[in-house]
Every structure is written in structure tokens, then in C-alpha cells.
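Take a look at the structure below.
The values are calculated or read from the model by the stated rules, or taken from the named source; none is laboratory data. None of these values were measured; they are calculated from a predicted model. In this analysis, Cβ positions are derived from the backbone assuming ideal geometry, glycine residues included, and neighbour counts consider all displayed protein chains.
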Amino acid sequence: MIVRKARLRDRPSDKTFDIAVGEGKIVSIKEHISEHAEHEINAEGNLVSETFANPHIHMCKVYTYLMIGEEAVRAYQESGMSAAMLAIEIASEVKKKYHESWIYENAKKAVLESLRFGGTYLRAFVDTDTKAKLEGIKALLRLKKEFQGIVDIQVVAFPQDGIVKDPGAEEYVEKALEMGADVVGGIPWIEVSPEFEDKHIDVAFELAKKYDKDIAMLTDDAGDTFLRTTFKLAQKAYKEKWFGRVTANHARAVATYSGPSVLKLAELARLAGMSLVTDPQTGPLYLPFKQMLQLGVNVALGQDDIADAYYPFGRNNMLEVAFLASHITWSMTLKDLDTFFDMITWRARKAMNIPVCGIKEGCPADLLVHNYKTVYETIWYHEPPAYVIRNGKIVVKNSSESKFYI
């Protein structure tokens, strides 16, 4: 394959380049490649980027909003997120109806949406506890196998209702790891005391070390300046030398911290090699990500939810997530938009502990051919790319043509 007349982010903006692909990798990038290939795509001077990654999405809950109702989303978003824990308790009722069959169908729809919009890496949080049991895990492990090599799905065994609060959840998480789950999940802030928060984190690390797994936790997801589980998670990652293998999602309470506390957290996260994932579109508080990035901490964007008890929208479109983040955080300069693009490409990969390569010779040919020349326009319109290429093969072709009968 050759992708011709591609505009690349790390090359001069007044020039286009041809990208030659062979055996799933990029073999050559030149202003013009004279040879011809079996498949040729004319990018027409539009942006070509690496594919998108989504490091945080609750895949067992997608499209359940109408099933559970709006009480949880109201509690989650009102009163400065002071009732976030109540929202989780309300939302957990849907797990009484969990069954692999319908979770599989809903999650498959979400995976296909991700692929249509150029997302080829997903970190799927799946409730794994005494209510959900292993129904969601079974569904997502099926999808992981089915989409292997097209969409890489990291399955997170996630004890949504706590570990100490939910006796028996630890055993379900371990069983999920034995079945093939990729990541140990956690939500320590949901526990009812600092001692129980510590126990929650300790259990997760014991399992991660036993099965050699990465860790992804939801931390401090409420408007409470006293929440400190993001600190605790980073401290444990540093102590256990689990460098580059731990991610904290949300950390919304950091928005209420004093300046010195934010600086301390940033230094600790940097020492631990811990990434942060923020989802400004799903709650009224969000991590001060600009400051964290300036202080050298890796931060990515996540979809978080699709039509569930916490957020009634979402399409697994990471460009849309970047577009919303730009508005919500009043970050609209060209530099801001480039930063958001990083947060859904290489920074998101780093948060998922996936090797970062980019568009260079020898890198995997995971490419998106967009419909616009610049990052600015691409985020502005947040449309599906013209082509999604994975491992050197076209896996999606989206038509941008519209017919009008006026």
C-alpha cells in the first residue's frame, strides 16, 4: 500500500508525503515514491495521523441509560459532585440484570463505533464484583478475541463497589485475571475509611504482581478536597516499582486542591511514572490537566461512558471527546488543540502501556486518513476519517459524500 499526498504533523506543513506500507509496517516516507503498490490511497493533502486510543471506557454499561434511568446521572453531576458515591450506588442496580448476551451485543456496537471513528485501542473497564459477577468479563473477552489485530481491547477487571465494602469482589477479580483479563482495576475512594482505601490498593497490587498485570484505578471522583487516593496510588506504584504500569482515572478532586498539593501530586506521579486520564465531558469537575502536563505528567483523554447511568451521550469518537474538552475547559488555541490530539494518540497509548512509535519508518502501519488538512479542522468537525488502516490493511472506509435533493 502507498498513501500519497499525506500531510503529517511532525513534517513541514507546506509539504505532503507518500507513505509506503509493507507487511504491516511503514517502510518508507518520502515527498514522492515513484514505485506503485497494489493499493493506493490519495490523501489529497489532508492530515494523516496514527490511530486513536481510548484508555478509559466502561464497556459493560454502554447503552444502558434508558434501562437504569436518570436518577444516577442527576446525583453524579449536581452539587459539585458531592453525591458521586450515591450515584454509584444507584447505578449499581442495573447489575442485577447483567447477562453476557446483551452486554456482548451492546459492547460490540461500541467497539464498531470506535473503529468507525478511528479508535483501534480500547481499555475496557468491566464491573467484576458480587453483583456483576463475571458476565461482563465473559462478554468482553469474547470481543477481545474477535477483534484481535483490528481493535486491541484491554479488559480491566473492575471492582466498582469496592473490595473491602464488597466482600467477595477480590475473588471475582482474581478469577477474571485467570480467565484472561489484562488489567487489575480499582476504585479506592469508594471505600469508607482511609484504612480501607489502603487495603483496596494493597489487594490490587498483590494481584497485579501475582499475575504480572498493569493497574488502572478510578481515584477521587468527587468534589471532596480531602480525597487523597490519587496520592496513595502513586505512592504505592513508586514503592512497588510498578513504573509506567499504573494509571489513575478521573482524579476530579484534584481540581479542589491547593497549589502546593497539586505540585506534590505531580512530582509523585512523575516519580512513579503514573499516567492520568481525564474525562471533562462526564462530570462538572475535571483534573487540572494543563498544569499536570506542564509539570511533566502524562495525561490522556478518555470517553469514560456511552449512554449509561453517568452520561447519556457518547459515540466512542475520540475527536468528539477532544472537541468537548476544548469547550468545557476553554482551551481553544491551536496549541491547545495539538495537545488534545496528543492526548488521544500517543499520550493515550502511553497511559495504556502500549509502545509509542508514531508515523515513522519501521513503525506499525496504524493510520488514519482524515478529511481535513489540519488538526484544528479535524477536531472542529470531528467526523469519521476517510480511511482507517490497521496493521497495513484498510479496515474501514468512510464516505464523506452527501446527496441533496432540493
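Consider the stretch 82-103. How many of its residues are modelled with pLDDT of 90 or more and not in a helix (DSSP H, G or I)?
2
Could you list all residues from the stretch 186-214 that are more than 19 Å from A83 (Cα to Cα) and among the charged types (D, E, K, R)?
E195, D198, K199, D202, E206, K209, K210, D212, K213, D214
Is it the case that the stretch 71-81 has a residue that's more than 16 Å from D279 (Cα to Cα), among the aromatic types (F, W, Y) and in contact with a helix residue (DSSP H, G or I) (Cβ under 7 Å, 6 or more places away or on another chain)?
no
Starting from the stretch 75-97, take each residue that is in contact (Cβ under 8 Å) with a residue 24 or more places away in the chain and list its partners that are surrounded by 22 or more Cβ atoms within 10 Å (Cβ to Cβ) and β-branched (V, I, T), counting only C-beta distances under 6 angstrom and pairs at least six apart or across chains.
V94/T64
Quick check on my filter: what residues within the stretch 293-322 are under 12 Å from the mean Cα position of the chain (by Cα) and under 19 Å from V246 (Cα atoms)?
V299, A300, L301, G302, Q303, D304
I'm trying to understand the selection: among the residues of the stretch 326-346, which are in a helix (DSSP H, G or I) and within 18 Å of S114 (Cα to Cα)?
Hits for the stretch 326-346 are F340, F341, D342, M343, W346.
Across the stretch 136-195, what is the number of residues that are farther than 13 Å from M59 by Cβ, touching a Phe, Trp or Tyr at 6+ places or on another chain (Cβ under 8 Å) and of a type in the set (K, R)?
Number of matching residues: 1.
Could you go through the stretch 330-339 and let me know if any residue there is closer than 25 Å to Q154 by Cβ, in the same structural domain as D220 (by TED's automatic domain parsing) and modelled with pLDDT of 95 or more.
yes
Inspect the stretch 170-177 for any residue being assigned by TED's automatic domain parsing to the domain that holds Y76 and in contact (Cβ under 8 Å) with a residue 60 or more places away in the chain and give the result as yes or no.
no
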